[in-house]
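Working notes, beginning with the structure itself.
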Amino acid sequence: MRRGSTPLRFEQPIHVTRPLLPPLAELNAELEKVWASGWLTNGGEQHALLERELAEWLGAPNLSLFNNGTAALMVACQALQVTGEVVTSPFTFPATPHVLSWNKVAPVFADIDPETMNITPDTVAPLVTGATSAVLAVHVYGLPCDVRGIDRLAQAQGLKVLYDGAHAFGTTIDGEPVARFGDATMFSFHATKLFHTAEGGALAVRDAETKARVDLLKNFGIRNEEEVVLPGINGKMNELQAALGRVVLRHVAAERARRERVGRIYRERLAGAAGLRIVAMPPGVTDSHQYLILRVDEQGAGCSRDALHARLKRFNIVTRKYFHPLCSQYDCYRHLPSARPERLPNAHRVAAEVLSLPYHGGLADDDVHRICDAIEYSLAR
Ligand SMILES: *Cc1c(COP(=O)(O)O)cnc(C)c1O
């Protein structure tokens, strides 16, 4: 950008994401099969096919599809008999603590690591009491938790480990798929996620026996015509969602490649900007390419995250302050002793620094350059 010139405002708002929309003809071809079968839900052919394809893709043999990620996590709590208290992260989407509340389990918020932005064995351990049954950790932005450390702590304390892997579709740690760790990992296939089924989700569990329990729980606990054996809910993914998922899955590799290129432009353009840092995966970790997160250090940048967010809006660039406010600040949780701000200093600092930037395959190189121009211009004000 020429110094002093004002970047152009985008005609249409630029959002942080845009759903991956495969060619409609490909979807229609699958829908024709669904129509011909006359079978719309209750574990049809598309469901069976997508479950197998995703189990392969995610390296998670015991995978169950769901109508959304939140239902998958609610069922995980039931399947693993999570009770009492569960230590979790305040730096996440509301669904994470809410599934605990819906299971009559008390969330206990642990502080996060300032770099990984996830809860750690060190922040979780002091919060474990006789009532604690599990840890519900989040791989926030696809940055993996210290899975081995959390595993050791859980082993020592007899706790279950659940992961909210809503951002971790495709994340691997030293070549190991993220779903290999913990007792259960939830994936979300919401339209805002890179891989999606419009609404949808999945739960990966350790063994076939647990998967059988999960499959019962997502279908009202119905074992057969004569027997209902568990108080289940309706968590089933339908055939239309599954057909969409099968088509979207064919385009995931191209979307990931496109996002990688977009990410490279952001990194090159913003590398020299004082006080700005783009969150990167640690060595050995495969990026899920779910988000592109900027951290704004107000001192160094001479501009707060909130000011940058507001200034970019003038260019029709709609960034998001994921995850501000913290879950511990919600009216339904702020009364908890673990929610006190002085107990969550890193979470409060990080929540004031992060800004989710537009990041999807529909962005042209030139769009990304214009967004970077607008960022540079906004910082200089
Ligand atoms: C998207 C998301 C969820 C919710 O998933 P749904 O499929 O929309 O129910 C849960 N946790 C996190 C961290 C998410 O980003």
>> Highest mean first, how do 105-112, 205-212, 8-15 rank when packing is the count of other Cβ atoms within 10 Å averaged over residues?
In response: 105-112, 205-212, 8-15
> Got the relative contact order for the chain handy, in percent, Cα pairs under 8 Å and 6 or more residues apart?
Replying inline: 23
> Based on the Cβ-Cβ distance from E260 to Q329, what FRET efficiency comes out when R0 is 35 Å, to the nearest 0.05?
Replying inline: 0.55
> Reachable lysines from K321, Cα under 17 Å, same-chain residues fewer than 8 places away excluded?
Replying inline: K193, K313
> What ranking, highest mean first, results for peptides 286-297, 35-46 when packing means the other Cβ atoms within 10 Å averaged over each residue?
Replying inline: 286-297, 35-46
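Can you tell me how much longer the chain between Q155 and L49 gets when fully stretched, taken as 0.36 nm per residue apart minus their C-alpha distance, in nm with one decimal? All intermediate terms of the calculation are to be shown ahead of the outcome.
Numbers: separation 106, 0.36 × 106 = 38.16 nm, distance 3.50 nm.
My answer for the length gained is 34.7 nm.
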> What relative contact order, as a whole-number percentage, does segment 240-365 give when Cα pairs under 8 Å and 6 or more residues apart are counted?
Replying inline: 30
> Using +1 on the beta carbon of Lys and Arg, -1 on that of Asp and Glu, and nothing else charged, what's the dipole of segment 24-250 about the Cα centre, debye to 20?
Replying inline: 200
> For segment 24-250, with the dipole built from +1 on Lys and Arg beta-carbon atoms and -1 on Asp and Glu ones, taken about the Cα centre, which of T41, F189, L217 lies farthest toward the positive end?
Replying inline: L217
>> Please report the spacing between the Cα centers of segment 327-381 and segment 262-322 in Å, no decimals.
In response: 9
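Would you mind working out the magnitude of the charge dipole of the chain relative to its Cα centre, with +1 at each Lys and Arg C-beta and -1 at each Asp and Glu C-beta, to the nearest 20 Debye?
Values: 41 positive and 42 negative charges, 254 e Å.
Around 1220 debye, computed over the chain.
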>> Nearest 10 degrees is fine. How inclined is helix 69-79 to the longest principal axis of the chain, computing both from alpha carbons?
In response: 40
>> Report the Cα-based extents of the chain along its three principal axes, largest first, to the nearest Å.
In response: 75, 55, 38
>> Between helix 45-58 and the chain, what is the angle of the helix's C-alpha long axis to the longest principal axis, kept within 0 to 90° and rounded to the nearest 10?
In response: 60
> In nm, to one decimal, how far is the W102 label point from the K321 one, both placed 7 Å along Cα→Cβ?
Replying inline: 2.7
> How long, wide and thick is segment 24-250, going by the Cα atoms along their three principal axes, in whole angstroms, largest first?
Replying inline: 57, 42, 27
>> Which one, V354, A134, G59, projects farthest toward the positive side of the charge dipole computed for the chain from Cβ point charges (K/R +1, D/E -1)?
In response: V354
>> Run the numbers for A253 and L24: contour at 0.36 nm per residue of separation, minus the present Cα-Cα distance, in nm.
In response: 80.6 nm
> Hey, what angle do you get for helix 252-270 against the long axis of the chain, alpha-carbon based, 0 to 90 degrees rounded to 10?
Replying inline: 30
>> I need the phi-derived Karplus couplings for segment 309-314: 6.51 cos²θ - 1.76 cosθ + 1.60, θ = phi - 60°, integer Hz, Gly and Pro marked x.
In response: 4, 5, 5, 5, 4, 5
>> Going Cα to Cα from K236, which aspartates and glutamates come in below 15 Å? Please leave out same-chain ones fewer than 8 positions away.
In response: E45, E51, E199, D215
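Each value in this text was obtained by applying a stated rule to the coordinates, not by laboratory testing. None of these values were measured; they are calculated from a predicted model. Backbone-built Cβ (ideal geometry, glycine too); neighbour counts: all protein chains shown.
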